[in-house]
Amino acid sequence: MSKTFSCRELGGVCDETFSGNTFDQIMQNGARHMMADDAHKASIMDMEKRTGENKEQWMARMQREFDARAENE
Ligand SMILES: [Zn+2]
């Protein structure tokens, strides 16, 4: 039932992956990783500038990507 997103897809800078049954779960699984070093933190902070989306818009888009993604085997 779970789906997987990469760190990079979530606005991070590496290829680590996070899985969950909901996008919220993926965000929770990724949160500690994202806060673990400055490169990730800086990337997250810079995301609004890069994407032109505010957090709500980004979350809505990622939720749609989550819905569209195939489930893991
Ligand atoms: Zn990462």
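The values are calculated or read from the model by the stated rules, or taken from the named source; none is laboratory data. Being a predicted model, the structure only gives us computed values, none of them experimental. We place every Cβ from the backbone using ideal geometry, glycine too, and count neighbours over all the protein chains shown.
Within the group Glu9, Glu16, Glu56, Glu48, which residue is of a type in the set (Asp, Glu) and loosely packed, with under 14 Cβ neighbours inside 10 Å? Just one listed residue meets the conditions, Glu56.
For the stretch 47-73, residues that are within 16 Å of the ligand (Cβ to nearest atom) and either in contact with an Asp or Glu (Cβ under 6 Å, 6 or more places away or on another chain) or modelled with pLDDT of 95 or more (or both) total 1.
Name the residue that is surrounded by the most Cβ atoms within 10 Å (Cβ to Cβ), counting only residues in the stretch 35-45 that are free of Cβ contacts under 8 Å to residues at least 24 places away in the same chain and near the ligand (Cβ under 9 Å from one of its atoms). So, considering only residues that are free of Cβ contacts under 8 Å to residues at least 24 places away in the same chain and near the ligand (Cβ under 9 Å from one of its atoms), the one surrounded by the most Cβ atoms within 10 Å (Cβ to Cβ) is Asp37.
Taken as a whole, the stretch 19-34 holds at least one residue that is more than 11 Å from the ligand (Cβ to nearest atom), assigned to a helix (DSSP H, G or I) and in contact with a strand residue (DSSP E or B) (Cβ under 6 Å, 6 or more places away or on another chain). Residue check: is Glu71 loosely packed, with under 11 Cβ neighbours inside 10 Å and either in contact (Cβ under 8 Å) with a residue 40 or more places away in the chain or more than 21 Å from Lys3 (Cβ to Cβ) (or both)? Here the answer is yes, as Glu71 does meet what is asked.
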